[in-house]
Amino acid sequence: MRDIAIVSYAQSDCVRDAGARNEVELIMPVIKNALGAVGLNNAQDVDFTCSGSCDYQQGAAFAFVLGVDALGAVPPIKESHVEMDAAWALYEAILKIRMGHADSALVYGFGKSSPGELPAVLSQQLDPYYLGPLWVDSVSLAAMQARLMLDQGLISEQDMAEVVVRSRRNAMANNPHAQLKGEVSTESLLAQDRWVSPLRKHDCAPVSDGATAMVICDLEKAHAWGVPYAIIRGIDHRMETHNLGARDLTRSRSTEQAAAACGVANGEVEIAELYAPFSHQEIILTKALGLSETTTVNPSGGVLAGNLMMASGLSRIGEVAQRIIAGECKRGVAHATSGPCLQHNLVTVLEAA
Amino acid sequence: MSQSEILSQEFELGFTYTRSTGPVVGRFLTALRDRNIVGIKGSDGAVYVPPMEYDPNTAEELSEFVEVGQAGEVVSWCWVSEPRESHPHDTAFAWAMIKLDGADIPMVHSVRVEREADMKTGMRVKVQWADEPRGHITDIACFVVEGAESPLGAAGMNAKREMITGMEAPIYLKYHFTAGAATSRFLGKVRQGKLVGQRCPSCNNVYIPPRGSCAACGVATEEEVEVADKCTLESFTIVYIPIPNNPIQPPYIIANLIPDGANISFIHLLSECVNEEIHIGQRVQAVWKPEAEWTYAMDNIKYFKPIDEPDVPIEQIGKIPAAGVPAAGAPVTGREG
Ligand SMILES: [Zn+2]
């Protein structure tokens, strides 16, 4: 099977409200940066382009089509879109390259969540007969998941606060694009009121606007371009039932399955970037991926430091790739999620060339 | 480049869906209407409430319905101290996963108690029916503490009524929509009665309305270019059917128009014309509303009307400079009104 390389990655700042910038204005700078890093001009210079976004976030129908205005799509390009996180757009692009239909691809994701009320918008991804009409929001569902774990003694509120402390600290040290960063203490966090009990506000990822982009290619192309890269050694995704009551919410079976399928355990995991929009979910994922004490989890701060809905999954992969390319480590794992309470999970194993 | 204000407005997006329920969901909703609750047996015998159509583990089609109790145990819960507008209750309440008596799989619904301290994992709760069940998940108004008094009517009053086969499931979402920087600048100029596009630094095409990029080149556009309100007809269609909520009465003409000085068309209405005589290459000009009515909208221009200028040959459409048709010799006039 053809090995695939990540040759560049760019992300915008995570901001609470991108204000006047429309989709194109959000996307264009990161695409320019991702392409420019490899000496490319526009989407004409790659064989395939794939994006991830969700129109419900900003309430603008076919916003993803307008995003194509950022690409330079004349003459026509081969292009596709997933109404999902762009990590799944990467998955599609990888399949395209593995099938021999492309040697290189541009992948990007964008999310402008500020115009709407994100937790309410996300309630409409639930089953439309039993849960959608109740408008059960994403924060409430995660809160029930957290309580299951607290009740069973699998985690403590102290554990959850420690996840937040580490996120803010790592974001401060390593992530110029983070929205939330800084030095906080578990005591000060635990002194805060609960928001959707048992969750406190800081247990939940912020609502962010922004975009991310990545260029991938086969190894021959990477050598031809003469650029450093990280190799995608394995990628797999699995999904669980939409019926929350039928799932064991205290673990992530789909992450366990995806991790086994893409070979997470085949070597040391030096760093891991996990898409955990709620603090307790980082603990679930760490366990599901079988990570040990020696793994540095979320060196970027993860999505608790900034959550680009529909783009942060691709960012997780980009963050690991970037650190491998910079020579900071040799092997890492990235995780992306979608759906309520970690319903659908994608795991990627990345290695140095 | 001038800095203009950020334009934004509130809007509500509505999807007025009616969903067909199929035999499994329909059976559950029919039971709810009759103030009963049914589950379904999964492949391993576990009882799912609400019933699933297919077993989540084996994908087997399920069909063995089981009536379950109207009370049960809270498996997990969260406390919503500040309900959202979309939530079913407007004062603090709990969402809970509730395992009904006779069920194995918990369901998600709301529990109403006075305060968070009244909630406890493992507590017993019972259904509080809506006043007028109609075959909808909200026929369960909420759950309440099992021992509590509830103003509950008699159950199963008329089991002979028809099976529920559909349900209304409208979705309304509110947004605070912000126009992009390019759109804001464009609309700011429209408010002053000017049409201002943006030129691509790479291919020199002028876009109107501008979106901040050249779609062909994939580069940002910044240079602003005022174009004329005289246009050439690139294409058009005559609309004969009424469109719901559109105040314009058919027949009317929608046209792709390229203003002098721009290279890409926009869409607007044509009027003051004989519909049958409209043709590609025809010259038209904007008919503006009175200046006092100008706002941040393209309908500052009521419509475009034909003017007495020679047709533009097809190969010249989209290539006319802002000063007007070069060889025609006709004086370039300012806008009327
Ligand atoms: Zn151009």
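So the check is Cβ under 9 Å with 6+ separation or different chains; which pairs have a first residue in the range B:189-210 that's more than 16 Å from B:Lys230 (Cα to Cα) and in contact (Cβ under 8 Å) with a residue 60 or more places away in the chain and a second one that's assigned to a loop (DSSP other than H, G, I, E, B) and away from the ligand (no atom under 16 Å from the Cβ)?
From residues that are more than 16 Å from B:Lys230 (Cα to Cα) and in contact (Cβ under 8 Å) with a residue 60 or more places away in the chain, the pairs are B:Arg191/B:Trp294; B:Arg191/B:Thr295; B:Arg191/B:Tyr296; B:Arg191/B:Ala297; B:Gln192/B:Trp294.
Which one of the conditions (1) surrounded by fewer than 18 Cβ atoms within 10 Å (Cβ to Cβ); (2) in contact with a strand residue (DSSP E or B) (Cβ under 6 Å, 6 or more places away or on another chain); (3) in a loop (DSSP other than H, G, I, E, B) does B:Val66 fail to meet, given that it meets all the rest?
All conditions pass for B:Val66, except number (3).
For A:Val269, work out the one condition from (1) open to solvent by 10 Å² or more (accessible area, probe 1.4 Å); (2) touching a helix residue (DSSP H, G or I) at 6+ places or on another chain (Cβ under 9 Å) it doesn't fulfil.
(2)
Can you tell me how many residues within the range B:176-203 are closer than 22 Å to A:Gly72 by Cα and more than 14 Å from chain A (Cβ to nearest Cβ)?
Residues that pass the stated criteria total 2.
Scanning for something in contact with an Asp or Glu (Cβ under 6 Å, 6 or more places away or on another chain) and among the hydroxyl-bearing types (Ser, Thr, Tyr), does the range A:90-107 turn up at least one residue?
Yes, the range A:90-107 has at least one match.
If you scan the range A:34-60, which residues turn out to be within 30 Å of B:Leu13 (Cα to Cα) and more than 8 Å from chain B (Cβ to nearest Cβ)?
Let us first name the residues in the range A:34-60 that are within 30 Å of B:Leu13 (Cα to Cα), namely A:49-60.
Passing the criteria: A:Thr49, A:Cys50, A:Ser51, A:Gly52, A:Ser53, A:Cys54, A:Asp55, A:Gln57.
How many residues are in contact with a Pro (Cβ under 7 Å, 6 or more places away or on another chain) and surrounded by fewer than 23 Cβ atoms within 10 Å (Cβ to Cβ) if we restrict to the range A:44-82? So that I can check it myself, show each step before the final result.
Going through the range A:44-82, the residues in contact with a Pro (Cβ under 7 Å, 6 or more places away or on another chain) turn out to be A:58-59.
Checking which are surrounded by fewer than 23 Cβ atoms within 10 Å (Cβ to Cβ) leaves us with A:59.
Residues meeting the conditions: 1.
What is the one condition in (1) open to solvent by 10 Å² or more (accessible area, probe 1.4 Å); (2) charged (D, E, K, R); (3) more than 14 Å from chain B (Cβ to nearest Cβ) that A:Asp85 does not satisfy?
It fails just one condition, (1).
Could you look through the range B:200-224, keep only residues that are aliphatic (A, V, I, L, M) and open to solvent by 20 Å² or more (accessible area, probe 1.4 Å), and pick out the one that is farthest from the ligand (Cβ to nearest atom)?
Top of the filtered list is B:Ala220.
Can you find a residue that is touching a Lys or Arg at 6+ places or on another chain (Cβ under 8 Å), within 14 Å of chain A (Cβ to nearest Cβ) and either closer than 30 Å to B:Ala228 by Cα or at pLDDT 95 or above (or both) anywhere in the range B:144-163?
No, every residue in the range B:144-163 fails to be touching a Lys or Arg at 6+ places or on another chain (Cβ under 8 Å), within 14 Å of chain A (Cβ to nearest Cβ) and either closer than 30 Å to B:Ala228 by Cα or at pLDDT 95 or above (or both).
Just to be sure before I move on: is B:Arg191 within 14 Å of the ligand (Cβ to nearest atom), in the same structural domain as B:Ile267 (by TED's automatic domain parsing) and of a type in the set (D, E, K, R) in the structure I sent? Outline the logic, then answer.
Values: within 14 Å of the ligand (Cβ to nearest atom): no; in the same structural domain as B:Ile267 (by TED's automatic domain parsing): yes; of a type in the set (D, E, K, R): yes.
Judged against the criteria, B:Arg191 is not a match.
Look at the range A:13-33 and say how many of its residues are surrounded by 24 or more Cβ atoms within 10 Å (Cβ to Cβ) and more than 13 Å from chain B (Cβ to nearest Cβ).
Total satisfying the criteria: 1.
Give the residues of the range B:284-298 that are open to solvent by 50 Å² or more (accessible area, probe 1.4 Å), in contact (Cβ under 8 Å) with a residue 60 or more places away in the chain and within 31 Å of the chain's Cα centre (by Cα), sorted by residue number.
Selection gives B:Thr295, B:Tyr296.
For the range A:149-167, enumerate the residues that are open to solvent by 20 Å² or more (accessible area, probe 1.4 Å) and either over 16 Å from A:Glu273 (Cβ atoms) or assigned to a loop (DSSP other than H, G, I, E, B) (or both). If you could, list the steps in order and put the result at the bottom.
Applying the first criterion (open to solvent by 20 Å² or more (accessible area, probe 1.4 Å)) to the range A:149-167 yields A:150-154, A:156-159, A:162, A:166.
Scanning the range A:149-167 gives A:Leu150, A:Asp151, A:Gln152, A:Gly153, A:Leu154, A:Ser156, A:Glu157, A:Gln158, A:Asp159, A:Glu162.
Would you call B:Arg84 out of contact with any strand residue (DSSP E or B) (no Cβ under 7 Å at 6 or more places or on another chain), closer than 30 Å to B:Glu12 by Cβ, open to solvent by 30 Å² or more (accessible area, probe 1.4 Å) and at pLDDT 95 or above? Break it down into steps so the answer makes sense when it comes.
On the way: out of contact with any strand residue (DSSP E or B) (no Cβ under 7 Å at 6 or more places or on another chain): yes; closer than 30 Å to B:Glu12 by Cβ: yes; open to solvent by 30 Å² or more (accessible area, probe 1.4 Å): yes; at pLDDT 95 or above: yes.
Criteria met by B:Arg84.
All but one of (1) under 30 Å from A:Asn42 (Cα atoms); (2) open to solvent by less than 30 Å² (accessible area, probe 1.4 Å); (3) more than 16 Å from the ligand (Cβ to nearest atom) hold for B:Thr232; which doesn't?
The number of the failed condition is (1).
The values are calculated or read from the model by the stated rules, or taken from the named source; none is laboratory data. The structure displayed is predicted, hence computed values, not measured ones. As a convention, Cβ positions derive from the backbone with ideal geometry for all residues, glycine included, and neighbour counts pool all protein chains shown. These area figures cover heavy atoms from the full protein model, side chains too; ligands, DNA and RNA do not enter into them. Shrake-Rupley method; radii C 1.70, N 1.55, O 1.52, S 1.80 Å.
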